[in-house]
Amino acid sequence: MERIILDVDTGLDDAVALFLAAGLEEISIEAVIATAGNVGLVKTVENTLNILETAGIRCPVYKGADKPLVRKPVEAGDFHGESGLDGPVFAPRTFQKVREEDGIEALIRLVKANPHQITIVSVGPLTDLALALSREPSVASLCKQIVIMGGSFSRGNVTESAEFNTYADPEAAAQVFSSGAKLVLFPLDCTRLVTLSPARLADFRTRSGLSTSVFSSCMDTYTANYTKRGQGEPQMHDPLCVAYLVDPSKVEAEYCTVYVDTCEGPTYGKTTKTPTSSEGGVLVAKRIDIPWFWTLVDRALANLP
Ligand code: BDR
Ligand code: CA
C-alpha cells in the first residue's frame, strides 16, 4: 500500500490524478494539499474539495502556497477554464472542508511522524515542497520518495522551452531537484504521449456512476480546450504520477541530473538533464505502458461512487 500526500493545483488533469488515487486499492491518500497554479488558490481548494467529495474520500485537505516563491503568478486557464475545473456541476458538499492547519506544516508533520513511509506526489508548481524543505530540510530524507509532474526536455507547453509547472515556479523547482530527496519525474516528453481519444471518452460516457460522470464532464472541457488551441487530443499529465506508484515496472526511465533555468529571459523555467552513470539523481520517466494506464483509470472509476 502506497501512503501518499498529493499536492495539486486542481486543474482538469489534476482531477484525474485525484480520482485515480481515490479509486485504486493500492493507494492510501493521507492528505491533499491544494496550491496555486492552474488558477488561484481559492479556486484550486474549491476544485479539490469538490473532486474528493464526489469520490467519497474523507482525507484531510489543506491550503498550500497562494503564490510562487519569487516570480509573478502565471495561470493556465486556457486549458482548464476560468474556474480551473470548467465542465462538471457539483452538488453542495456535505463533508469535505478545508482544514485550518497550514498545508506546508501538515506535510512536515506527516512526513516526520511517518519516517520513510510517505510518498509525496506533486502535480502542480513545486512551491509547497520548496517551502517545506526550507523550513524542515529533513523532509528530503524522511519522505519515501517524491513523484513529480513537471519539466520538459524537448519543447515546452507554456513557452517554447518551459513546461507549465516548472515555469510557474522555477526557483521552487530548482530547490526541489537539488534537495537530495529520492525523486521521480514525469516530464512532458512522457506525459504528452498519453492522450484521451474521442472514442474512449464516448465509452466513459456510457458508464454509470457520479465520479465517472464528473470525470467525463471534465474531459469534455479538456478535449474542447485542446481542440480550440489546435493541440490534438488532451494530454493526461498528472495521473501518470499516481499510476507509477501502482507498478513502477510499467514505466521506462533513466537516472539523470536535472537542472532548472532560473535566469529570467526566454529560457526561464526550462529544464535540462544529464544522464548519470549510476542510480542517483532524478529518475526521469520516458515512456509508460499506455493500455495498462487506461486499465487503472477504468478500475479506479469503477470502484468510486
Ligand atoms: C501541467 O500543467 C498543468 O496545467 C497541468 O495540470 C499539469 O500539471 C502540465 O504541463
Ligand atoms: Ca497540475
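Can you give me the P(r) profile for the stretch 58-172? Cα pairs, bins 10 angstrom wide beginning at 0, each as a whole percent.
12, 35, 35, 17, 1
In the stretch 219-304, with Lys and Arg counted as +1 and Asp and Glu as -1 at Cβ, which of these residues, Gln231, Leu301, Val282, has the Cα nearest the positive end of the dipole, that is, farthest along it?
Gln231
Pairs of alpha-carbon atoms within less than 8 angstrom and 6+ residues apart define the contacts here; what relative contact order does the chain have, in percent?
22
Which whole-number percent is the relative contact order of the stretch 1-44 (Cα, under 8 Å, 6+ apart)?
RCO, the stretch 1-44: 51 percent.
Please state, to two decimals, what the Cα-based radius of gyration of the stretch 1-75 comes to when divided by 2.2 N^0.38 Å (N = residues).
The value comes to 1.08.
Along the three principal axes, how long is the stretch 141-198 when you take its alpha carbons, biggest first, rounded to the nearest angstrom?
Principal extents (Cα only, largest first): 42, 23, 16 Å.
Which value in Å does the Kirkwood hydrodynamic radius of the stretch 260-301 take, with 1/r averaged over all unlike C-alpha pairs and then inverted?
It is 13.8 Å.
For the stretch 82-185, calculate the relative contact order in percent as a whole number, restricting contacts to Cα pairs under 8 Å that are 6 or more residues apart.
Rounded, it is 27 percent for the stretch 82-185.
Which whole-number value in Å² is the accessible area per residue of the chain, probe 1.4 Å?
Per residue, the chain has 39 Å² of solvent-accessible surface.
Filter the chymotrypsin sites (Phe, Trp or Tyr not before Pro) in the stretch 70-153 to those in DSSP coil with at most 16 other Cβ atoms within 10 Å of their Cβ, and list the result.
Phe90, Phe95
How would Thr227, Thr262 rank on accessible area, largest to smallest, probe 1.4 Å?
Of Thr227, Thr262, the descending order of accessible area is Thr227, Thr262.
Keeping the other protein chains in place, figure out the carbon and sulfur percent of the accessible area of the stretch 1-55, with a 1.4 Å probe.
With neighbouring chains kept in place, the figure for the stretch 1-55 is 53 percent.
Consider a paramagnetic label point 7 Å from the Cα of Arg287 along Cα→Cβ; state which residues of the stretch 232-247 have an amide N under 14 Å from it.
No residues fall inside that zone.
Nearest 0.05, what FRET efficiency do Ser28 and Arg99 give at R0 = 22 Å with Cβ-Cβ as r?
Working: r = 18 Å, r/R0 = 0.81.
So the FRET efficiency works out to roughly 0.80.
If I take all pairs of Cα atoms in the chain, what percentage of them are more than 28 Å from each other?
The answer is 30 percent, as a whole percent.
What order, most packed first, do the peptides 265-278, 238-251, 12-25, 135-148 have when packing is the mean number of other Cβ atoms within 10 Å of each residue?
12-25, 238-251, 135-148, 265-278
Filter the trypsin sites (Lys or Arg not before Pro) in the stretch 25-91 to those in DSSP coil with at most 11 other Cβ atoms within 10 Å of their Cβ, and list the result.
On the way: sites: Lys43, Arg58, Lys63, Arg71; in loops: Arg58, Arg71.
Loop-located and lightly packed - Arg58.
Separation between the Ala91 and Ala202 pseudo-spin-labels, each 7 Å from Cα along Cα→Cβ, expressed in nm?
It works out to 3.1 nm between the two label points.
On the principal axes of its Cα set, how long, how wide and how thick is the stretch 173-305? Give whole Å, largest value first.
47, 34, 21
Roughly how many Å² of Met1 are accessible to a 1.4 Å probe, to the nearest 10?
150
The values are calculated or read from the model by the stated rules, or taken from the named source; none is laboratory data. Keep in mind it's a predicted model, so treat the numbers as computed, not measured. Ideal geometry is used to build each Cβ from the backbone, glycine not excepted, and the neighbour counts take in all protein chains shown. Protein only, heavy atoms only, side chains kept; ligands, DNA and RNA dropped before computing areas. Shrake-Rupley method; radii C 1.70, N 1.55, O 1.52, S 1.80 Å.
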